[in-house]
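Values in this text are rule-based calculations from the coordinates and carry no lab data. What you see is a predicted model; the values in this text were computed from it and never measured. Cβ placement follows ideal geometry from the backbone for every residue including glycine, while neighbour counts extend to all protein chains displayed.
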Amino acid sequence: MMDMRTVNIYALTRIKNIANLRRIERQMSGRNKMLTIKKWEFGSLTKLIDRLMEAYDGADRLNFFYSFQMPKLGKEFDLLRISEDTIINIELKSDAIADERIKKQLLQNRYYLSYLGKNIRSYTYISNQNRLVRLTNSENLIDVGFDVLIEDLIKQTDCFEHDIEHMFKEENYIISPLADSERFLQKEYFLTSQQKDIAKRIQTAIREYDRQELLIRGFKGLPGTGKTLLLYDIAMNLSYKQKVCVFHCGSQSDELDTLDKRLKRIDFYHEKVYEKAYENLPDLSQYSYFLVDEAHLMSGEFFDRLTEYADKHKIPVILSYANEDSIAASEKKNGSIEKVFSIPGYEEYKLTNRIRANAELSSFIQCLMQGNKYNHRKDYPSVSIVYANNVSEAALLMNGYIDQGYMYISDSNISNIDCKYSIDIEHASCIESDCVAMLIDSHFTYDNSEGLTGDVEATSIVRNLFHGLNRAKCKIAVVVLDNEPVCDTILNILQGYS
């Protein structure tokens with residue numbers, strides 16, 4: 001079936017008035033694929049096809065994907081034509097624009113399109129100048145005639161005209177500065193429109209800071225929304241003028257040390273190093289900004305010491321932390337994040353566009369945390385649950401999932417099962433996997449008012465389960481050990497009962 005955004009641009013530009021344009025929009029818009037023809041862009045499109053028709057009598061048969069936007073990223077392409085080995089991208093401009101801006105956009109487009117593994121030909125047409133430019137393989141911008149574009153178009157055969165969204169795996173475009181440190185250091189990433197908006201708000205607040213009171217800002221989101229990437233991008237931008245301190249509260253990793261060695265303008269510290277030795281904190285006087293990643297894992301004492309120093313010296317603080325709204329209040333580790341809400345002038349932003357995991361897994365995890373009182377789906381084909389009567393059976397079942405490529409994330413605070421491979425939850429905060437398996441044992445129970453809770457004192461096993469399952473991109477498996485009531489509730493969730 002042809003994608004409703006695949007259009008014959010010759011036919012589109014022959015429309016004579018705006019009323020007919022809107023009628024065509026309605027005809028060409030499919031469910032969840034609304035086509036909007038921009039009035040300012042329509043003039044440029046008309047001039048483009050006129051020039052193509054002058055140079056090539058077959059231009060009236062050309063189909064393009066028009067105004068395709070990657071839903072979660074907000075990235076848009078004006079015109080795309082995709083064949084087996086080549087992609088032609090044409091951007092439309094009505095007025096003159098600086099070559100550097102044209103080049104930057106085409107380079108960004110090339111980055112997104114490069115994941116399809118095809119040769120990319122990138123053009124921009126500026127209609128009021130009747131100018132056509134092309135981005136070369138050596139990343140130079142050159143003026144070309146329409147014969148060059150026509151030659152590229154003629155070479156394309158059997159062009160793809162189906163659901164274009166299936167060609168783009170958006171999780172490829174959100175990186176982790178820790179797991180993908182090289183790509184981060186090379187700036188091989190782009191922020192979503194939502195991330196850009198939050199960064200802009202924070203940078204505006206810093207620019208207008210009058211140092212009368214503590215400036216503290218934070219943003220939260222589920223795993224996979226790009227919190228760490230956004231925080232580290234902000235750190236990079238701030239460090240061009242002044243030195244920045246970043247405290248990371250997740251699991252320790254070699255990549256954190258790599259970033260610390262490579263980025264001289266930013267110092268990276270692991271909060272756990274100072275968790276019980278606050279007198280050994282680094283010399284904070286050398287920094288103009290404090291940033292804290294995975295701040296939901298920050299100890300209360302560390303938070304107090306850091307904000308006390310920041311308030312005294314009026315140093316801005318920026319926090320990123322997980323959205324734990326679905327976890328029972330009694331299961332949250334400490335009150336560090338709750339403390340920040342009482343600070344005068346504190347502002348919080350929320351990242352909602354989740355890229356790494358799909359909506360199905362997000363819904364299941366939320367249902368698992370809250371029990372039958374939350375269920376918006378009827379089925380969960382990417383979730384499996386099995387029951388084990390004893391530790392030996394649990395190990396056998398878990399090893400079966402490991403053999404299928406699942407990453408078993410264990411929690412040392414609950415039952416220990418002997419498996420071929422596991423990674424402890426304490427070391428999983430910077431790791432992702434297509435498939436994740438975890439264990440639920442008799443320490444878990446459902447409370448009618450709170451949802452899923454645990455009985456291990458001073459340790460939030462439910463919280464660990466929440467963060468572990470959220471490392472999954474595609475599939476989740478749960479092995480339930482000797483806990484029929486919890487298993488029954490989960491089965492009800494999977495069967496869509498509420």
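Here the simple spin-label model places points 7 Å from the Cα toward Cβ, and for LYS312 and ASN130 these points are separated by 7.1 nm.
A cut-off of 5 Å between modelled amide H atoms, ignoring neighbours fewer than 5 places along the same chain, links HIS248 with TYR269, HIS270, GLU271, ASP293.
Distant-in-sequence amide contacts of ASP424, defined by a placed amide H-H separation under 5 Å and a gap of 5 or more residues or a different chain, comprise SER410.
Neighbours of TYR287, meaning other residues whose beta-carbon lies under 12 angstrom from its beta-carbon, give a summed charge of 0 when Lys and Arg score +1 and Asp and Glu score -1. By the gyration tensor of its Cα atoms, with a ≥ b ≥ c the square roots of the eigenvalues, what is the shape of region 115-222: rounded for a/c under 1.5, prolate for a/b over b/c, or oblate? Cα axes put region 115-222 in the prolate bin. Taking the average, over residues, of other Cβ atoms within 10 Å as the packing measure, peptides 387-393, 288-294 rank 288-294, 387-393 from highest down. Extending 7 Å from the Cα toward the beta-carbon at both ASP57 and HIS166 defines two label points whose distance is 3.7 nm. Using the Karplus relation 6.51 cos²θ - 1.76 cosθ + 1.60 with θ = phi - 60°, the per-residue 3J(HN,Hα) values for region 57-66 come to 6, x, 5, 6, 9, 7, 9, 9, 6, 9 Hz, with x marking Gly and Pro. A simple packing score, the average count of other Cβ atoms within 10 Å per residue, orders the peptides 319-331, 87-99, 136-148 as 319-331, 87-99, 136-148, with the highest score first.
Anisotropy class assigned to region 365-498 is rounded, per the alpha carbon gyration tensor with a/c under the 1.5 cut-off.
Taking θ as phi - 60° and the Karplus parameters 6.51, -1.76 and 1.60, the scalar couplings of region 130-142 work out to 6, 10, 10, 10, 10, 8, 7, 5, 8, 6, 9, 9, 10 Hz in sequence order, x denoting glycine and proline.
With a threshold of 30 Å on the Cα-Cα distance, the over-threshold entries among LYS169/LYS339; LYS104/LYS227; LYS118/LYS187 are LYS169/LYS339. Label-to-label distance for ASN8 and ASP418 is 7.1 nm, based on points extended 7 Å past Cα in the beta-carbon direction. For region 448-498, a/c is not less than 1.5, where a ≥ b ≥ c are the root eigenvalues of the C-alpha gyration tensor, and a/b does not top b/c. That puts it in the oblate class.
If the segment from LYS200 to GLN69 were pulled out straight at 0.36 nm per residue, it would be longer than the present Cα-Cα gap by 45.0 nm. Rounded to the nearest Hz, the phi-derived 3J(HN,Hα) couplings of region 424-431 under the Karplus curve 6.51 cos²θ - 1.76 cosθ + 1.60 (θ = phi - 60°) are 6, 4, 5, 10, 9, 5, 10, 10, where x marks glycine and proline.
Full extension of the chain between LYS261 and SER442 gives 60.7 nm of extra length, using 0.36 nm per residue less the Cα-Cα distance.
For SER429, nonlocal amide neighbours, meaning residues 5 or more places apart or on other chains whose placed amide H falls under 5 Å from its own, are SER251.
Return, ordered by residue number, the residues of region 480-495 whose backbone nitrogen is under 16 Å from a label point located 7 Å along Cα→Cβ of ASP379. Zone members listed by number: 492-495.
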